[in-house]
Amino acid sequence: MSDSDYFSIVESTHDVQNPISPAKLREVAEHLEIGAGDRVLDVGAGRGWWAAELAAMGAEVVGLENNEEFVRAARDRAAASGLTDRVRHVHGPALEFEPEPGGYAVATCLGASFALGGFRASMEWMVAALVEHGRFAIGDVHSVDGSSTEELPSLIELVHVAEEFDVEVTGLVSASLDDWDRYESGQWKNAHTWARRNPEHPDRERVLGDSRRFRNDYLTRERGSLGWSVLIGERR
């Protein structure tokens, strides 16, 4: 079973596929000043909740997603919401998509910087797609205590990296411990629900084993020390 298939299972009921609440993401949208006609590029669109929210505000959204099942769910969501004229979901690796330089008013990447080669590469890629004074939002993990390693930077380090690309960081929305617990435990529940419904599946024990391992890592090492925040800003 691939990582993509595993996350199709454990995030099958997640509207927001990051450790943050819908209310906080609406704060992000408010800070971005999403308006009618804004062209928005969303990297790692997942099951399409964020794209649908922005389209409902009047934006024209292109969502990039490499998980075929998530793309299908996102398209179904847009259709059910009557938003197919304002949302287009593109299936495939984000790096294979070639955005028009300076073609978007807003670019977002919430928890998907890996799709573009990491945080720094994501900032460079998104800024190139923005109009002058275009806005961006990028969500990623960071340390809680301010320490910095190659694997886990501090929040201020993320800000400094972002500002290498001639942008001004003007906003911050961060996940709480409750947000993390809700996101992580939802994955554990989904894994066990899937296993109960698929007792003969050849990957059943692997899914359960991976779920337990991720649960134990979260509870022993990550909970309370791993932060997740959305940096919001503007191209200078």
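So for the stretch 176-192 (the condition being in contact with a Gly (Cβ under 7 Å, 6 or more places away or on another chain) and among the aliphatic types (A, V, I, L, M)), does at least one residue qualify?
Within the stretch 176-192 (the criterion being in contact with a Gly (Cβ under 7 Å, 6 or more places away or on another chain) and among the aliphatic types (A, V, I, L, M)), the answer is yes, since at least one residue qualifies.
Residue pairs, Cβ under 6 Å, 6 or more apart or interchain, first in the stretch 120-136 and over 16 Å from Gly35 (Cα atoms), second of a type in the set (Phe, Trp, Tyr). List them.
Going by the 6 Å Cβ cut-off, the qualifying pairs are Met123/Phe165; Glu124/Phe165; Met126/Phe136; Val127/Phe165; Ala129/Tyr104.
Determine which single condition Tyr104 fails, assuming it passes every other condition in (1) among the aromatic types (Phe, Trp, Tyr); (2) crowded, with 20+ Cβ neighbours inside 10 Å; (3) out of contact with any strand residue (DSSP E or B) (no Cβ under 8 Å at 6 or more places or on another chain).
(3)
Looking at (1) free of Cβ contacts under 8 Å to residues at least 12 places away in the same chain; (2) within 27 Å of Val230 (Cβ to Cβ), can you tell me which one Pro202 breaks?
Condition not satisfied by Pro202: (2).
Is it true that some residue in the stretch 195-218 is buried (at least 18 other Cβ atoms within 10 Å of the Cβ) and either closer than 30 Å to Asp38 by Cα or touching a His at 6+ places or on another chain (Cβ under 6 Å) (or both)?
No, the stretch 195-218 has no match at all.
What are the residues in the stretch 35-72 that are over 23 Å from Met123 (Cα atoms), among the hydrophobic types (A, V, I, L, M, F, W, C) and either touching a residue at least 60 places away in the same chain (Cβ under 8 Å) or surrounded by fewer than 21 Cβ atoms within 10 Å (Cβ to Cβ) (or both), if any?
Passing the criteria: Ala36, Ala56, Met57, Phe70.
Restricting the stretch 9-43 to residues that are of a type in the set (D, E, K, R) and part of a loop (DSSP other than H, G, I, E, B), which is nearest to Gln187 (Cα to Cα)? Talk me through it step by step, then tell me what you get.
We begin by selecting, within the stretch 9-43, every residue of a type in the set (D, E, K, R); these are 11, 15, 24, 26-27, 30, 33, 38-39, 42.
Checking which are part of a loop (DSSP other than H, G, I, E, B) leaves us with 11, 15, 33, 38.
On the way: Glu11: 6, Asp15: 12, Glu33: 32, Asp38: 33 Å.
Here the residue is Glu11.
Search the stretch 149-188 for residues being touching a helix residue (DSSP H, G or I) at 6+ places or on another chain (Cβ under 7 Å) and of a type in the set (Phe, Trp, Tyr), and hand back the single one that is surrounded by the most Cβ atoms within 10 Å (Cβ to Cβ).
Among them, the one singled out is Phe165.
Out of the residues in the stretch 107-133 meeting the condition of being under 15 Å from Glu163 (Cβ atoms) and not acidic (Asp, Glu), tell me which one is surrounded by the most Cβ atoms within 10 Å (Cβ to Cβ).
Kept after step one, since they are under 15 Å from Glu163 (Cβ atoms), are these residues of the stretch 107-133: 119-120, 122-124, 126-127, 130.
This time we only want the ones that are not acidic (Asp, Glu), so: 119-120, 122-123, 126-127, 130.
Working: Phe119: 21, Arg120: 15, Ser122: 25, Met123: 25, Met126: 27, Val127: 20, Leu130: 24.
Applying the filter and picking the extreme gives Met126.
Between residues in the stretch 205-223 that are farther than 18 Å from Ser12 by Cα and residues that are of a type in the set (A, V, I, L, M, F, W, C), which pairs lie under 6 Å by C-beta distance while being six or more apart or on different chains?
Short answer, once both residue conditions are applied: none.
Could you pull out every one of the strands (runs of 3 or more DSSP E) wholly within the stretch 55-113 that has 1 or more residues that are among the aliphatic types (A, V, I, L, M), in contact with a Gly (Cβ under 6 Å, 6 or more places away or on another chain) and under 25 Å from Arg135 (Cβ atoms)?
Here the list reads 104-110.
Every number here is computed from the coordinates shown, using simple stated rules; none is lab data. Because the structure is a prediction, the values reported are computed rather than measured. Using ideal geometry, Cβ is built from the backbone for each residue, glycine included, and neighbour counts are taken over all protein chains shown.
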